[in-house]
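Encoded as structure tokens, the structure appears first; notes follow it.
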Amino acid sequence: MPGRPPWSKFSLPVEERRFCRGFSTEFRETCREVFGPLVEPVREWPRGRWAWLLAEVPKRGWLLGFFQDLENRLTKAGSLWVVLPKKPYIKEFSFPYSWIEVQETGLTAGLVDNKIAAFSPRLTAIRFVIPVARRKSRT
């Protein structure tokens, strides 16, 4: 939308720390361009639970474990944004999963997806949250 900052579609919490983690050059450069100092890039997730995380979906490893680990790092009402290549660029990025596989794995991990946003011309982002019914029982 004209006049809105590029990061506004990502619903950043106002008074919470926000972190991003990814390894591709495009992900890191886009984080810097879109968020500037509003989001802290990290090599490893800091200890604790956080209200907002942005993570590049890894090309290797256990996708379900990726989501389970990140869910455990969220506050009850936290947002997890995951970034992956858009369909026309999956082969170029040598990315092993489809958008549907990433979404279904997030759902299998017990999260719900509730928003999609363009991250860059070649990357897309999906926001996952903990379902409201599960938030009440979460310590």
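Estimated from the Cβ-Cβ distance and a Förster radius of 35 angstrom, the FRET efficiency linking LYS87 and ARG49 is about 0.60.
Taking the Cα centre of the chain as the origin, how large is its charge dipole in debye, to the nearest 20, when only Lys and Arg (+1) and Asp and Glu (-1) carry charge on their Cβ atoms?
Numbers: 24 positive and 14 negative charges, 63 e Å.
Value, rounded to 20: 300 debye.
Close amide H pairs (under 5 Å, H built 1.01 Å from N) link GLY78 with ILE130, residues at least 5 positions away or on another chain.
Phi angles of segment 61-69 translate, via the Karplus equation with coefficients 6.51, -1.76, 1.60 and θ = phi - 60°, into HN-Hα couplings of x, 8, 5, 5, x, 4, 5, 4, 4 Hz per residue; Gly and Pro are given as x. Each label was represented as a point 7 Å from its Cα along the Cα-to-Cβ direction; for ARG134 and VAL42 these points are 2.0 nm apart. Sequentially through segment 28-36, phi angles give Karplus couplings (6.51, -1.76, 1.60; θ = phi - 60°) of 4, 5, 5, 4, 5, 5, 6, 9, x Hz, Gly and Pro residues having no value and appearing as x. Would you please give the FRET efficiency between ALA77 and ARG28, computed as 1/(1 + (r/R0)^6) with r the Cβ-Cβ distance and R0 = 41 Å, to the nearest 0.05? After rounding, the FRET efficiency stands at 0.90.
Please arrange LEU111, LEU123 by how many other C-beta atoms lie within 10 Å of their C-beta, fewest to most.
Details: LEU111 24, LEU123 20.
Ascending number of Cβ neighbours within 10 Å: LEU123, LEU111.
Taking a quarter of the surface of the Cα convex hull of the chain gives a mean projected area of 8.6 nm². Applied to segment 126-136, the Karplus parametrisation 6.51 cos²θ - 1.76 cosθ + 1.60 on θ = phi - 60° returns per-residue 3J(HN,Hα) values of 10, 9, 10, 9, 7, x, 3, 4, 7, 5, 5 Hz, with x for Gly and Pro. Annotation: amide H-H contacts under 5 Å for THR124 (H modelled 1.01 Å from N, sequence separation of 5 or more, or interchain): LEU84, LYS86, PHE119.
Taking other C-beta atoms within 10 Å as the exposure proxy, GLU40, GLU56 rank GLU40, GLU56 from fewest upward.
Applying 1/(1 + (r/R0)^6) with r as the Cβ-Cβ distance of VAL14 and GLN68 and R0 = 30 angstrom yields a FRET efficiency of 0.60.
Read the figures in this text as sums done on the coordinates, not as results from a lab. Just so we're clear, the structure is a prediction, and the values are computed from it rather than from any experiment. Please note: Cβ atoms are built from the backbone with ideal geometry, for glycine as well, and neighbour counts cover all protein chains shown.
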